[in-house]
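Beneath this line is the structure, given in structure tokens, with notes to follow.
The values are calculated or read from the model by the stated rules, or taken from the named source; none is laboratory data. Model, not experiment: these values are computed from the prediction. All Cβ positions, glycine included, derive from the backbone under ideal geometry; neighbour counts span all protein chains shown.
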């Protein structure tokens, strides 16, 4: 399948800019603070790298998804939270520092876990003779190193050496990344215009179920003795995914835009449910006694 310049050039640029934006908000002190009480970070990371892919497999089996859509849903579930999750955490009166750390930790761990989850999905659906997609482990690791780890470190360097510049640049690069993501989704929708109604019908329910399941899993983390602010952080991180990364893997590594359909649909739906999470979080924050808010908008 031929890739348009929008996909071939725009996707890597958008993701690089978004990940630089994460780095601009992160300092060594954030890691130190969460390292002193690592339970929330460990629980959240496990929920992301293990819990979400398990949910994706369960939803794919429940709905009887085709092999390409199953692969796309698993890739999406294994992708880390996006930069929007940090904003949702802020607006829902959650633990913003934990949100940022989880986003970065999950982005780094994804270098290994996302290709493994994708290959497991391919092995599960190997009986579908029409599917010829592959997710090479080494190619995926190289791609994620270059477009996840490097830009995050670059942003952190700017944050450490020019903190005032980082504060000014972060909202600009985040807004730019969001605009490019919207353009990418529209571009893929145009490429798939003849198949789009069918893909929405097929991928829409799965994407919505994964989104709601992720939010529900995050809010259920109270069983580990974690407070409301941390639970809302998990809900934001698990419910607001890095759709750009999932689309990037689908169209550049896998080479099949149909695999990108769950991520494209999800990237629209998650903003609607995120708005509901913000309203819920702000109301809950008035009733909780977890301690002072990390940040209040």
Item to complete: Starting from region 253-269, keep only residues that are more than 15 Å from residue 198 (Cβ to Cβ), then list their pairs with residues that are at pLDDT 85 or above and surrounded by fewer than 24 Cβ atoms within 10 Å (Cβ to Cβ) whose Cβ atoms are within a distance under 7 Å, requiring at least 6 positions of separation or different chains.
Response: 266/211; 269/208; 269/211
Worksheet entry | So residue 244, is it surrounded by fewer than 24 Cβ atoms within 10 Å (Cβ to Cβ) and either touching a strand residue (DSSP E or B) at 6+ places or on another chain (Cβ under 8 Å) or in a helix (DSSP H, G or I) (or both) | no
Worksheet item: Do any helices (runs of 4 or more DSSP H) entirely within region 25-114 hold 3 or more residues that are over 20 Å from residue 211 (Cα atoms) and touching a helix residue (DSSP H, G or I) at 6+ places or on another chain (Cβ under 8 Å), and if so, which?
Response: 28-36, 39-46
Worksheet item: When residue 78 is evaluated against the numbered criteria (1) farther than 27 Å from residue 255 by Cβ; (2) at pLDDT 90 or above, which criterion, by number, is the only one it fails?
Response: (1)
Discussion item. Can you go through 236, 220 and tell me which one is part of a helix (DSSP H, G or I) and surrounded by fewer than 24 Cβ atoms within 10 Å (Cβ to Cβ)?
Written reply: 220
Worksheet item: Does region 260-277 hold any residues that are modelled with pLDDT of 85 or more and over 21 Å from residue 186 (Cα atoms), and which are they?
Response: 276, 277
Worksheet entry | Given (1) surrounded by fewer than 23 Cβ atoms within 10 Å (Cβ to Cβ); (2) over 17 Å from the mean Cα position of the chain (by Cα), index of the condition residue 41 fails | (2)
